[in-house]
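For reference, the structure is listed below as structure tokens.
Just so it is clear, none of the values below were taken in a lab; they were calculated from the coordinates. Note that the structure is a prediction, hence the values are computed from the model and not measured.
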Amino acid sequence: MKTSFVTLYILIASVISTFGQTQVQMEKKNGVYYVPCTINGLKLKFIFDTGASDVSISLSEAAFMIKNGYMSNEDLLGEERYQIANGDIAEGTKLNIRVLEIGGYELHNVEASIVHSLNAPLLLGQSVLERFGSVTVDYSSLKLSFGATTKRSDIKLNEAESWIYDFNKNKYGTVVIGTQVWMSENLRTSHYQNGKEIPFLAPDLRVDEMIYGAWSSCNGSEKNNKTFGLLYNWYAVSSSNDICPQGWHVPTKKEWSILAEFLGGEKSAGYQLKTTDTLSWISPNHTFSNNQSHFSALPAGIWNYRGAFVNKGRSTYWWSSTESNEGEAWARSLYSGSGGFFLGAEEKPIGLSVRCIQD
């Protein structure tokens, strides 16, 4: 068993989604359970291994792929050492899988491992699937199930009287998630609570020139404002400014972490946060997302440090009010096709979404 954890999500063939959970039909041969997939166009079958923590292929399989054009030397990322189940230290090679395809879905530039053994099996670790949520196996029907399975009685949309309004009279829904009350939409105000206007980021102005508060429409188009909200640099949302409606504030790093833990942790909370809107999220998001939290996250993308709008349909980021260092602040993000709810430090001048939380 390897101790390293590969940054990877797996999209499985024969997918059936029911009530937020995904079921996979496995194959059984000689007491071993297999899941089919394709690597760089080559059809393979992975062994589902409850003891493995990542994905690996054998040295002979790697040699075959290089010889037949499914892999090149440029895909090899260098040597690695890892501990196997008996405690011995084994050698391997880090591998970049350019395209991993399962069930009609693709993942690009996946880091995996080549085991330095000619007969090593192709392994798919259970802990990889656990990024979707809990994993269960029905060996009698050969069904592998993972993801959220039940609706939470402690998550509910607030009633109509709980609508809140910003300075511009924009109306927002709210949702109770555990002990927290969140907006169920992204902020789209262009003013602070005191009525002071936030400067608009003109398309010809570089983001790295903005050292004070600024906003812009998602993808530079006002028609996106109602659905996706506005994008703000961190100077607009820092705790010294009151950008949220009265009684609300930009969440701290800790408040975002409380949300993540309540929804099952960073590896799988994203599926409960994202909408199932297939017109907004680029496939394969809709296969696994269920929005059971009613948070209704949509992929607004960002404006980057060059002033360009990128990744609409593929990702969404929200600021926290917590600084990481002089030039960065903490933010949370979601990606199409992944259940992760990621924490990272982002450069303060770039434009991200804002979701307010009740005081």
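Relative to the globular-protein estimate of 2.2 N^0.38 Å, the Cα radius of gyration of segment 155-358 stands at 0.93. Amide H contacts of residue 190 (H built 1.01 Å from N, in plane; Pro and chain starts excluded): 168 sit under 5 Å, all sequence-distant by 5 or more or on other chains. Close amide H partners of residue 46, meaning residues 5 or more places away or on another chain with modelled amide H under 5 Å apart, are 35, 37.
Of all lysines in the structure, those lying under 27 Å Cα to Cα from residue 28, and not within fewer than 8 positions of it along the same chain, are 2, 43, 45, 143.
In sequence order, segment 60-74 has phi-based couplings of 5, 5, 5, 5, 4, 5, 5, 4, 9, x, 7, 8, 10, 4, 5 Hz under the Karplus curve 6.51 cos²θ - 1.76 cosθ + 1.60, θ = phi - 60°, and Gly or Pro positions carry x. Around the amide H of residue 97, modelled in the peptide plane, lie the amide H atoms of 110, 111, 112, all under 5 Å away and 5 or more residues distant in sequence or on another chain.
Lysine pairs in segment 155-358 whose alpha-carbon atoms fall under 20 angstrom of each other, counting only those eight or more residues apart or on distinct chains, come to 18.
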